[in-house]
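To start, the structure under review is shown below, and the notes come after it.
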Amino acid sequence: MKLLHVGLGPLGIKILRDFVDRDLGEIVAAVDIDPSLAGKPLSALHPSLPKGVRVLTGLDAVRDWAAIDAAMVTTASDLAACAQSLRPILQRGLPVVTTCEEAVWPWLRHRALADELHALCLQHGGRVLGTGVNPGYLMDTVPVFATAVSKRVDKLEIHRIQDATTRRIPFQKKIGATLDDRAFKAGIKAGWLRHVGLGESLHFVAAAMGWPIDRWSENIKPVKAARAMRCGLGPIAKGRAAGVRQEASGYSGGKRVLHFVFQAAIGQKDPHDRVIVSGEPDLDLRFEGGVHGDVATSSIALNALRPLSNAAPGLHTMMSIPMVRWVR
């Protein structure tokens, strides 16, 4: 596969490194708006990446679109911001996987934009999918697939409890590590401090289960450090935020049918991922130790490229493309 990649932050570089390490194809173009990267060979970002591909500052600098089979976009969590990269790629009729969290269920916050992107796909033959470890897999696709053996499902409870100590620095920042109460509240108000995608996961699952959501709620609070510790951002004093806890609930027919718990913190004890299905039969699935987010996000994004390429043109979710699995 000949790949165009957009977005060269820590996650984008990891995805490219894994693409090369797994020998999945050839990187033919790479784009990032950071002017300090302009013209640099990818090998300057990591020695395993090719020397012959130099960083472009915009998609308008891509010259040979015919040489590209698919694209990967790892630029933003917000779909409106990400769409600036998606539109010109879809206009070339290409499949594009994005790690944009809001793209996992774009109709929640961006219905008009979702309709626009879908129409663009149908017009030009493009395909677009938002996915990742979460949202995209652990708190939505896995719970839905778990119900395949169910005679009856009454409710679903989904937990992701993770130790963020080994996660990339932008992730540690996003969960508020090191902040005092005032800075934590300011980050929430500004919109950058949160796990993006919990609402998207909730509505993805509700749609898959055929549960119309009457109302839903989401709350967020800090996980306080019980002792002094350190993370990639620096020291964390006792009593300051070591991470974040978010919960979301969805109600259908006046009953709570969905409950989500997301907690990520430096030094988090007993990390795990868990899906509880109440119904017939009752099920309790647990990933001991939890799934490492950076490894898994890179893997699922790359593993989704070929299934998306084999899907019909349009705006897709993990429900509408062929099953994503590990590929050689």
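The values are calculated or read from the model by the stated rules, or taken from the named source; none is laboratory data. Computed from a prediction, not measured in an experiment: that's the story for all the values here. So basically every Cβ, Gly included, is an ideal-geometry build from the backbone, and we count neighbours across all protein chains shown.
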How many residues, within segment 264-316, are at pLDDT below 95 and either more than 22 Å from Ile175 (Cα to Cα) or touching a His at 6+ places or on another chain (Cβ under 6 Å) (or both)? 1
Lone qualifier among Leu129, Leu120 - being out of contact with any Phe, Trp or Tyr (no Cβ under 8 Å at 6 or more places or on another chain), over 17 Å from Gly197 (Cα atoms) and either of a type in the set (Gly, Ala, Ser) or not in a loop (DSSP other than H, G, I, E, B) (or both): Leu120
Taking only pairs six or more apart or across chains, which ones have beta-carbon atoms under 7 Å, a first residue in segment 97-115 that is under 14 Å from Val128 (Cα atoms), and a second residue that is basic (Lys, Arg) and modelled with pLDDT of 95 or more? Glu102/Arg109
Mind checking whether some residue in segment 216-237 is surrounded by 13 or more Cβ atoms within 10 Å (Cβ to Cβ), within 30 Å of Val149 (Cα to Cα), at pLDDT 95 or above and hydroxyl-bearing (Ser, Thr, Tyr)? no
Scan segment 198-214 and give yes if some residue there is at pLDDT 95 or above, part of a helix (DSSP H, G or I), closer than 26 Å to Ser150 by Cβ and touching a Lys or Arg at 6+ places or on another chain (Cβ under 9 Å), otherwise no. yes
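Could you please let me know if Leu179 is within 17 Å of Thr99 (Cα to Cα), modelled with pLDDT of 95 or more and part of a loop (DSSP other than H, G, I, E, B)?
Spelling it out, it is not the case that Leu179 is within 17 Å of Thr99 (Cα to Cα), modelled with pLDDT of 95 or more and part of a loop (DSSP other than H, G, I, E, B).
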Under 9 Å between Cβ atoms, which residue pairs at least 6 apart in sequence (or on different chains) link something in segment 157-170 that is farther than 28 Å from Leu283 by Cβ with a partner that is among the aliphatic types (A, V, I, L, M) and part of a helix (DSSP H, G or I)? Arg168/Leu11; Pro170/Leu11
Options Thr165, Thr178: the member that is of a type outside the set (A, V, I, L, M), in contact with a strand residue (DSSP E or B) (Cβ under 6 Å, 6 or more places away or on another chain) and farther than 30 Å from Gly253 by Cα: Thr178
